[in-house]
Amino acid sequence: MSKDSGSESRQRMPVLFIGHGSPMNAISDNAHTRMLSGLGQRLPWPRAILVVSAHWMTDGTWITAMPNPKTIHDFYGFPEELFQVQYPAPGSPETAKLVSSLVHDPKVNLDREMWGLDHGTWAVLRHLFPKADIPVLQLSISMQHPGEYHYLLGKQLRQLREQGILIIGSGNIVHNLRRIRWEADTKPFDWNVEFDDWVKGRLIARDDQALVRDYLSSAAGKLSVPTPDHYYPMLTILGAADGGEQVRMEFEELQNASISMRSFSFGA
């Protein structure tokens, strides 16, 4: 169970992958956001939170290292209510330096002013931890590197779990905005179902290498992952999970015909 925010936990933290979907989930009351609220209630209270967001794509790997990260509204065409949302969680320059010191390959660069918390982070955290009273850091995605890079990065981040730091990957296993449909009750494409089921099976079997190397080996995979930005955070979470930990499916839903909201945890 969650602890009072005034106390820090040094018990081993779980790792999470959250399918975040539309920015509107930040202000919506639906099955997905209710799942997040319930999950937040049962998680141990973290010393800090490190989020790998699909929406911070960089040259090299960076971590936010400012004391007060800004809330970034990195979208357009949505209601004004969404642009008014703030998630004023503190940062932690000390934790950023810790991460940079522990991860040796790749080098983790400290960002003291460029970024902040984009909606891949705050749209999830405002349901998990609505009080915004836990230090939050964001880790970028180095887009010039393949899946193996992000998986091995997760392996190095794994040691943070012993220090009370909750690691969250925020993206979507299936994310094809070119094929998205906004009509109510629209059915998912067959390739969406096929690839989401394939990923589920590999997660249950803990076949990490298939997820790292073979995700584009089928037509369904190519349609589901047209660009890897929303897929890579999942690979970092796989790396941060111990090989013997079994996956727990927290949420399973396909939205807008071409989005998978599948969310899961290890060690929760």
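Could you go through segment 255-266 and let me know if any residue there is of a type in the set (Gly, Ala, Ser), farther than 27 Å from residue 60 by Cα and surrounded by 23 or more Cβ atoms within 10 Å (Cβ to Cβ).
yes
Residues in segment 6-26 that are more than 23 Å from residue 242 (Cα to Cα) and either within 18 Å of the chain's Cα centre (by Cα) or without any contact (Cβ under 8 Å) to a residue 24 or more places away in the chain (or both): how many?
Number of matching residues: 8.
Test residue 185 against the criterion of being surrounded by fewer than 21 Cβ atoms within 10 Å (Cβ to Cβ) and in a loop (DSSP other than H, G, I, E, B), and give yes or no.
In short, yes.
Suppose the filter is in a helix (DSSP H, G or I), within 20 Å of residue 63 (Cβ to Cβ), under 16 Å from the mean Cα position of the chain (by Cα) and aliphatic (A, V, I, L, M); does residue 166 pass it?
Values: in a helix (DSSP H, G or I): no; within 20 Å of residue 63 (Cβ to Cβ): yes; under 16 Å from the mean Cα position of the chain (by Cα): yes; aliphatic (A, V, I, L, M): yes.
Judged against the criteria, residue 166 is not a match.
Quick test for you: out of 260, 218, pick the one residue that is within 14 Å of the chain's Cα centre (by Cα), polar (S, T, N, Q) and either farther than 16 Å from residue 15 by Cβ or modelled with pLDDT of 95 or more (or both). Quick ask: steps written out before the conclusion?
On the way: 218 fails: within 14 Å of the chain's Cα centre (by Cα).
260 is the lone residue from the list that is within 14 Å of the chain's Cα centre (by Cα), polar (S, T, N, Q) and either farther than 16 Å from residue 15 by Cβ or modelled with pLDDT of 95 or more (or both).
For residue 212, indicate whether it is β-branched (Val, Ile, Thr), at pLDDT 95 or above and either buried (at least 21 other Cβ atoms within 10 Å of the Cβ) or out of contact with any strand residue (DSSP E or B) (no Cβ under 9 Å at 6 or more places or on another chain) (or both).
Yes.
Among the residues of segment 17-65, write down those that are touching a Pro at 6+ places or on another chain (Cβ under 9 Å), part of a loop (DSSP other than H, G, I, E, B) and under 20 Å from residue 151 (Cβ atoms).
Across segment 17-65, the qualifying residue is only 60.
The values are calculated or read from the model by the stated rules, or taken from the named source; none is laboratory data. Predicted, not measured: the structure shown is a model, and the values here were computed from it. In this analysis, Cβ positions are derived from the backbone assuming ideal geometry, glycine residues included, and neighbour counts consider all displayed protein chains.
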